[in-house]
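Report on the structure given below.
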Amino acid sequence: KAGVTQTPRYLIKTRGQQVTLSCSPISGHRSVSWYQQTPGQGLQFLFEYFSETQRNKGNFPGRFSGRQFSNSRSEMNVSTLELGDSALYLCASSYGQGANEQFFGPGTRLTVL
Amino acid sequence: AQKITQTQPGMFVQEKEAVTLDCTYDTSDPSYGLFWYKQPSSGEMIFLIYQGSYDQQNATEGRYSLNFQKARKSANLVISASQLGDSAMYFCASFYNFNKFYFGSGTKLNVKP
């Protein structure tokens, strides 16, 4: 069974641009969560989608948004990029909402110049 | 809210020896899950072990075991017979209230040959 995939793996953008990251969960998994990881703040929860609906949201500004499609694939969008948005963005999938175990993808490393 | 504390930012262990990575959590919720993840330099988060708050016995997965002391609110990870490939960041995480994951700041483990 294929694991969680994230594309692209690396991305370089400039301030003010927007970016879209993609996550394909493990087949059969319906929940997708997104995290931001930075050296200073550690791992922070962004949001979680289940059956195309956002179920939980972390404390991030409205520039961070996401969506989930009917095939459970999810996208995360960041608009008006800031230097502080440079981070590793991790996506995790689980079978259902409230599932015990999350499987993480390899992450997308975003650099904002 | 849940809070996860990992007090050891970095640790060294000799190859083939056992090592304990500390984790304490703070919650008033009676139902929760505790996880340990390994993050190599490649960035991918690898699930290691899970302990449910109602589990009577400590979880074990191969060389990994979780020393769960509920009264002390601690969930230490024990790695037996350390290998060079165990060198990585290790994160303790808690889960409650339907996919709200909280991560500790991590412990960087270095295994010496």
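All of the numbers you see were taken from the coordinates with simple rules; none came from a lab. All figures in this text were calculated on a predicted structure; none of them were measured in a lab. Cβ atoms come from the backbone with ideal geometry, glycine included; neighbour counts cover every protein chain shown.
Report relative contact order for chain B in percent, whole number only (criteria: Cα-Cα under 8 Å, sequence separation at least 6). Write down the numbers at each step before the final one.
Working: 284 pairs, mean separation 42.6, N = 113.
Once divided by the residue count of chain B, the mean separation gives 38 percent.
Annotation note: GluC sites (Glu not before Pro) in the range B:1-87 located in DSSP loop regions with a Cβ neighbour count of at most 13 within 10 Å are B:Glu15, B:Glu17. Label positions at A:Ser79 and B:Phe12, each projected 7 Å from the Cα along the C-beta direction, are separated by 5.1 nm.
Take every DSSP beta bridge whose two residues both sit in chain B; close to 90 percent of them are antiparallel. The trypsin sites (Lys or Arg not before Pro) of the range A:6-66 that meet both conditions, a loop assignment by DSSP and at most 13 other Cβ atoms within 10 Å of the site Cβ, are A:Arg9, A:Arg15, A:Arg63. Cα centroids of the range A:50-113 and the range A:7-36: 6 Å apart. Rounded to the nearest whole Hz, the Karplus-based 3J(HN,Hα) values (6.51 cos²θ - 1.76 cosθ + 1.60, θ = phi - 60°) of the range A:77-86 follow the sequence 10, 10, 9, 6, 4, 10, 4, x, 7, 4, with x at glycine and proline. Under the criterion of Cα pairs below 8 Å and six or more residues apart, the relative contact order for the range B:20-59 equals 35 percent. For the range B:28-43, putting each phi into the Karplus relation 6.51 cos²θ - 1.76 cosθ + 1.60 with θ = phi - 60° gives couplings of 9, 6, x, 10, 7, x, 10, 10, 10, 10, 10, 10, x, 5, 5, x Hz, in residue order, rounded to whole numbers and with x for Gly and Pro. Measuring between alpha carbons in the structure, the pairs from A:Lys13/B:Lys38; A:Lys57/B:Lys108; A:Lys13/B:Lys3; A:Lys57/B:Lys70; B:Lys3/B:Lys108 lying more than 25 angstrom apart are A:Lys13/B:Lys38; A:Lys57/B:Lys108; A:Lys13/B:Lys3; A:Lys57/B:Lys70. Electrostatic bookkeeping for A:Leu90 treats Lys and Arg as +1 and Asp and Glu as -1; over the other residues with beta carbon under 14 Å from its beta carbon, the sum is +1.
Please state the relative contact order of the range A:32-113 as a whole percent: Cα pairs under 8 Å, 6+ residues apart? This gives 27 percent for the range A:32-113.
Largest first, the extents of the alpha carbon coordinates of chain A on the three principal axes equal 37, 26, 26 Å. One way to sum up the overall shape of the protein assembly as shown is the equivalent ellipsoid from its Cα gyration tensor, whose semi-axes run 29, 21, 16 Å, largest first.
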